[in-house]
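Below is one structure, written out as structure tokens; comments come after it.
What follows draws every value from the coordinates through simple rules; no lab data is involved. Treat the numbers as computed from the prediction; the structure is a model and nothing was measured. Because the Cβ atoms are built from the backbone with ideal geometry, glycine has one as well, and the counts that use them run over all protein chains shown.
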Amino acid sequence: MKLVQWVRFSWDLDTLPPLGAALPEHYHFVVATDADEKELRAVITRSFAHDTSWGDAIHEVNDMIDGWLLRAFAPGEGGICLALRHGLRMIGASILIPAPAAENHLSPGPCVLMEYRNRGLGTALLGESLHRLREVGLARVTAHTKSNAPVAKFLYPKFNGILTPGDTPLLAA
């Protein structure tokens, strides 16, 4: 059995830098609804399944996806499902938990389909997610990820994201 180490990142939304360059016209953000749940689930599941850094924890992540989506679409929870579309096709998603006391505000964090990666879309999705959380009144946001995942190295440090100490969950893989 292998233990998977997770890390926590945090952002101070009061000092959030500007988003930067706008997305090309054929990409746009929308808030996903209940009708988009199946497509949202497929995007999140595929983004993890095709990322080899998650191979040792994919079964645990698949179990967590159900919880993330249930919470996001539950009445009164106030979750926000942010979708990135290329035309009509959903190519990225992020579930935002706007509760100030939430332990993880970006569950599961920005997910982009493999064929759309390395185009700055993950950065744009993270930036949009952080700005939406600031708009609902949060001052500080946290997110968890695997310590060896590419998002820990390349994405989460953006927008002044800092690795913060604290208890993080371990998964047995």
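When the chain is fully extended, how far beyond the present Cα-Cα distance does F154 get from D63, taking 0.36 nm per residue of separation?
Result for the pair: 30.2 nm of gain on full extension.
Can you list the HN-Hα couplings for the range 88-102, worked out from phi with the Karplus curve (6.51, -1.76, 1.60; θ = phi - 60°), rounded to whole Hz and with x for Gly and Pro?
Whole-Hz 3J(HN,Hα) from phi for the range 88-102: 8, 7, 7, 10, x, 7, 8, 9, 9, 10, x, 6, x, 8, 4.
How much length is gained on full extension from S147 to V31, taking 0.36 nm per residue of separation minus their Cα-Cα distance?
That pair, S147 and V31, stretches by 38.9 nm at full extension.
With runs of 4+ DSSP H residues as the only contributors, calculate the mean residue ellipticity of the chain at 222 nm using -39,500 (n - 2.57) per run, divided by the residue total and rounded to the nearest 500.
It lands at -8500 deg cm²/dmol.
So, R0 is 41 Å and r is the distance between the beta-carbons of D14 and M114; what FRET efficiency does that work out to, to 0.05?
Once the sixth-power term is evaluated, E becomes 0.75.
Once amide H atoms are built 1.01 Å from N in the peptide plane, which residues 5 or more positions from T164, or in another chain, come under 5 Å H to H?
The answer is R8, F9, S10.
Listed highest first by mean packing, meaning other Cβ atoms within 10 Å per residue, what order do 104-114, 84-94 come in?
The packing order, highest mean first, is 104-114, 84-94.
If you take the beta carbon distance between H131 and A49 as r and set R0 to 30 Å, what does 1/(1 + (r/R0)^6) give as a FRET efficiency, to the nearest 0.05?
Taking R0 as 30 Å, the efficiency between H131 and A49 is 0.60.
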